[in-house]
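Here the structure is laid out as structure tokens; the discussion comes afterwards.
The values are calculated or read from the model by the stated rules, or taken from the named source; none is laboratory data. Remember, it's a predicted structure, so these values are computed and weren't measured experimentally. Here the Cβ is made from the backbone with ideal geometry for all residues, glycine too, and neighbour counts use every protein chain on show. Surface accessibility is based on the protein's heavy atoms, side chains included, excluding ligands, DNA and RNA. Shrake-Rupley method; radii C 1.70, N 1.55, O 1.52, S 1.80 Å.
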Amino acid sequence: MTELRHRFALHFDWVKHRRVIAGREVILHCHHYNSRIQHTLESAAGIDGKRIIREAAESVFAEHVLNALEAGDATDTRWALAAGLYAHLGFGALDVRGVATGRVTAASSHFVEGWNAGFAGRTEPVCTLTEGYLAGAHLAVTGETVAYRETACRISGAAACVFERAAGPRAAIPPVARALIAFSPRPAAAFPAPAHIDGDKIVSALVAMPIHGDAEGLIPAFGVYLASTPADFYNLVCIRFIEEMAAKGLARNAQRLLVSDAETCALNTFRGIMSSPEWDALVAPMLVESADSLYGVVAVSNALGWGNWYVTQHTPGATLRIESVNGYEAAGYRELRGTAAAPQCFMLRGVAAGMMGLVYGTGTMADRFGTFASSEAACICTGAESCRFEVRRA
Ligand SMILES: [Zn+2]
Ligand SMILES: [Zn+2]
């Protein structure tokens, strides 16, 4: 596998602030966020959240795995690359030696770590994304459309997660229809630069860090487990969740849940980042006044593949206006659904509130949750030039 790793080399697109691995834009999020949005979908009554996750993963990873393959790769190599990409992205370690007989196992799982941290006690298997990943990988490697189901999971004490192929072929999921949009984000020079924080230096340092799966296929960093997940996956999952909830008259509930998940993610991930040796070495020397921590967190977030955003107004402890010039939610919504009647960037909206709660709140992360309220006052999805978020004390 080592000699094939170059196929997963990270390319950072400085214009769009996107991380690209094997030809796909990937987004860094932590296990708190990933398990929370999964929990939100899978526990919503009246919709099949597992199906939404599985189908999105299958369609996105069929394309992603195919990107990593080259003409002339033997079948064993193709499966090794499928497992290698999965591990490189931080989802865990897949053992595909039994795949010809329909059985794949995993000794580690990003999702098991996430659920154990946030929702201990679940006994039902949690590696839903992996079921879709394997179906997508199977399609990329063999050309066949099949299903995988997790029949044992480490979440309920099994020694390894076990995925078994369902007998026989099944109908293919239609390919995802997207319209590529021509879009040039507003340049950094259009925004005021923070007085003490060198954002480009922080982004450069983070991009240079080897943030990819270790021997277990996990990315323990900043006190959380990170994973690089294609932006398309998040966008498909969140858009379809809201659409299915909207059909039940619950669109606003769905949106609120996604905002809450993102606020929790920001509190946990950025707390981990602010107490890491990397923060001490890189950002702490730039901190002069209290507001600088907020600017530092924003700079760090601009290395995660979310796009880039800039603080346009900030009263320490009270208010924040922040403008995102090309968030992945907005770009994805435009590609997948066109324009919208209302703003659609629920992840960034929740993160904006969480960052303020982290920097200016007190007590535990649970105490700080909800300290600040955030709204999206303008959105690229509705035709605005950029997405603008406004945060104030709740
Ligand atoms: Zn599992
Ligand atoms: Zn937006």
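Structure above, values below:
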{"quantity": "Amide hydrogen neighbours beyond the local backbone of Ala378, cut-off 5 Å, H modeled", "calculated": "Arg388"}
{"quantity": "In sequence order, calculated HN-Hα J values of region 88-101 (Karplus, 6.51, -1.76, 1.60; Hz; x Gly/Pro)", "calculated": "4, 6, x, 7, x, 10, 9, 9, 9, 5, x, 5, 5, 9"}
{"quantity": "The chain, accessible surface, carbon-and-sulfur percent (1.4 angstrom probe)", "calculated": "53 percent"}
{"quantity": "Inter-probe distance in nm under a simple model that places probes 7 Å from Cα toward Cβ, at Ala159 and Lys50", "calculated": "2.5 nm"}
{"quantity": "Set of lysines near Lys50 by C-alpha distance (under 29 Å), chain-local residues within fewer than 8 positions excluded", "calculated": "Lys248"}
{"quantity": "Spin-label model distance (nm) - Glu243 vs Arg186, 7 Å beyond Cα toward Cβ", "calculated": "3.0 nm"}
{"quantity": "Estimated [θ] at 222 nm from DSSP helical runs (n ≥ 4, -39500 (n - 2.57)) normalised by residues in the chain, nearest 500", "calculated": "-13500 deg cm²/dmol"}
{"quantity": "Rounded to 10°, Cα long-axis angle of helix 328-337 versus longest principal axis of the chain", "calculated": "60 degrees"}
{"quantity": "The chain: most fluctuating residue of Gly49, Gly272, Gly249 per GNM, C-alpha cutoff 10 Å", "calculated": "Gly249"}
{"quantity": "Length gained when the stretch Ala366-Ala394 is fully extended (0.36 nm per residue, less Cα-Cα span)", "calculated": "8.6 nm"}
{"quantity": "Sites excluded, GluC sites (Glu not before Pro) in DSSP loops with at most 14 other C-beta within 10 Å, longest stretch of the chain", "calculated": "145-288"}
{"quantity": "For region 316-394 and region 148-216, distance of Cα centres in Å", "calculated": "20 Å"}
{"quantity": "Per residue value of the accessible surface for the chain (all protein chains in place, 1.4 Å probe), Å²", "calculated": "39 Å²"}
{"quantity": "Neighbour count of at most 14 Cβ within 10 Å plus DSSP loop: longest chymotrypsin sites (Phe, Trp or Tyr not before Pro)-free window in the chain", "calculated": "184-394"}
{"quantity": "Residues Ala166 and Ala341, FRET efficiency given R0 of 56 Å [Cβ-Cβ distance, rounded to 0.05]", "calculated": "0.90"}
